[in-house]
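To keep things clear, I will list the structure first and then write my remarks on it.
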Amino acid sequence: MIIKGGKSIYGASVGILMLDARFPRIPGDMGNALTWPFPVHYKIVRDASPDRVVRRGAEGLLDNFIAAGRELVRDGVDGITTNCGFLSLYQQELSEALSVPVATSSLMQVAMVNRILPAEKRAGILTISASTLTEVHLKKAGVPKGTPIHSTEGGQEFTRAILGNEPELDIALARADNVAAAKDLVARHKNLGAIVLECTNMIPYAADIRAATGLPVFTIESFTSWFQSGLTPRRYPAP
């Protein structure tokens, strides 16, 4: 059997463009490699701090993300995602600049989730920062107008620690912030049929949100797993 080379790295079909951060990344967090049931390849985008990307619109960082994405492609990945939902801002630009499929944001799931829900139901978004999640972010991710949005802003721990890039995280308080915000989202919008978590650091709390609200919860983990399944379809033994 003859096989072809041409890559530096094999077996990691998904490349993840990472923010330049120091806050703790617990199992379940996109930036913790233990989260994934398949190999991934990380590339840190230097100077892309959580504050700069989420609160300051990733200003001046497009070239950094393109350069890091091209490095991932040269290394051998077959598709690229990112570890911040706010990077939907660069979905078109990265897709045009890179030679592999790109899925920048968990928000890209919203329209798809709407299609699987009962006719009278719709998905809502839980974000780390509703105050800076703009119509441009939503439009570039294909989020339908009028989609309900709520945030962990104003909570005790989660938004402050992540966007403040703090070196410590109180997991119990972060979980409480996410659950409380999700319950508030559901209370405000009686026709919700599902919740899409914008923030990639919310994955560890998805099961708690599901238990507290009774609604399906979709995350960047679910989106990336779907993405990876197309890049590397499972091979089954011959019958």
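The values are calculated or read from the model by the stated rules, or taken from the named source; none is laboratory data. Keep in mind the model is a prediction, meaning the values are calculated, not measured. All Cβ positions, even for glycine, are placed from backbone atoms using ideal geometry, and neighbour counts span all protein chains on display. All accessible areas refer to the heavy atoms of the entire protein, side chains included, with ligands and DNA or RNA removed. Shrake-Rupley method; radii C 1.70, N 1.55, O 1.52, S 1.80 Å.
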Can you run phi through the Karplus equation (6.51, -1.76, 1.60; θ = phi - 60°) for the range 55-70 and list ³J(HN,Hα) in whole Hz, with x for Gly and Pro?
8, 10, x, 6, 4, x, 10, 4, 4, 4, 5, 5, 4, 5, x, 5
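Using a probe radius of 1.4 Å on heavy atoms only, what accessible surface per residue do you get for the range 1-156? Whole Å² is fine. Please report the intermediate quantities before stating the final value.
Numbers: 7430 Å² over 156 residues.
Here the residues of the range 1-156 average 48 Å² of exposed surface.
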At the level of C-alpha centres, the distance separating the range 12-78 and the range 118-185, in angstrom, is 20 Å
How much of the DSSP bridge set in the range 103-239 is antiparallel, in percent, rounded to the nearest 5?
0 percent
Net charge of neighbours whose Cβ lies under 14 Å from the Cβ of GLY69, counting Lys and Arg as +1 and Asp and Glu as -1:
-2
Scattering profile of the range 85-191 at q = 0.13, 0.21, 0.22 Å⁻¹ [log10 I(q)/I(0), Debye over alpha-carbon scatterers]:
-0.57, -1.15, -1.19
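At 1.4 Å probe size, with the rest of the protein present, what percent of the exposed accessible area of the range 76-139 is carbon and sulfur atoms?
Values: 1320 of 2400 Å².
Using a 1.4 Å probe with all protein chains present, the range 76-139 comes out at 55 percent carbon and sulfur.
So what's the projected area for the chain, the Cα convex hull averaged over all directions, in nm²? Spell out each step's value before the answer.
Working: hull surface 58.6 nm².
Computing the convex hull of the Cα atoms and averaging its projections yields 14.7 nm².
Which pairs, out of LYS4/LYS139; LYS43/LYS140; LYS7/LYS140; LYS140/LYS190, put more than 29 Å between their alpha-carbon atoms? Please list the in-between numbers first.
On the way: LYS4/LYS139 40 Å; LYS43/LYS140 23 Å; LYS7/LYS140 31 Å; LYS140/LYS190 26 Å.
Table pairs above 29 Å Cα-Cα are LYS4/LYS139; LYS7/LYS140.
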Accessible area, 1.4 Å probe, largest first: how do ASP208, ASP63 sort?
ASP63, ASP208
Karplus-derived HN-Hα couplings along the range 168-173 (A = 6.51, B = -1.76, C = 1.60, θ = phi - 60°), whole Hz, x at Gly and Pro
10, 9, 8, 5, 4, 5
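Determine the relative contact order of the chain: mean sequence separation of Cα pairs under 8 Å and six or more apart, normalised by residue count, in whole percent.
Numbers: 454 pairs, mean separation 51.1, N = 239.
Result for the chain is 21 percent.
State the three equivalent ellipsoid semi-axes of the range 1-138, derived from the C-alpha gyration tensor as the square roots of 5 times its eigenvalues, in descending order and whole Å.
Numbers: eigenvalues 138, 77, 48 Å².
Over the Cα atoms of the range 1-138, the ellipsoid semi-axes are 26, 20, 16 Å.
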List the residues whose amide H sits under 5 Å from the amide H of VAL14, counting only those 5 or more places along or on another chain, with H placed 1.01 Å from N in the peptide plane.
HIS41, ASP78
Find the accessible area per residue for the range 173-224; the probe is 1.4 Å, ligands and nucleic acids are left out, and the unit is Å².
35 Å²
What are the radius of gyration and Dmax of the range 106-149, computed over its Cα atoms and given in Å?
10.3, 30
At q = 0.21, 0.22, 0.28 Å⁻¹, the log10 of I(q)/I(0) for the range 1-73 from a Debye sum over equal Cα scatterers comes to -1.00, -1.05, -1.28
Residues with amide H under 5 Å from that of SER151, placed H, sequence gap 5 or more:
THR127
Run a plain Debye calculation on the range 132-239 (Cα atoms as equal point scatterers, no solvent) and give log10 I(q)/I(0) at q = 0.14, 0.15, 0.18, 0.23 Å⁻¹, rounded to two decimals, same order as the q list.
-0.65, -0.73, -0.98, -1.37
Under Karplus coefficients 6.51, -1.76 and 1.60, residue-wise ³J(HN,Hα) of the range 73-80 in Hz, glycine/proline x:
5, 5, 5, x, 6, 9, x, 10
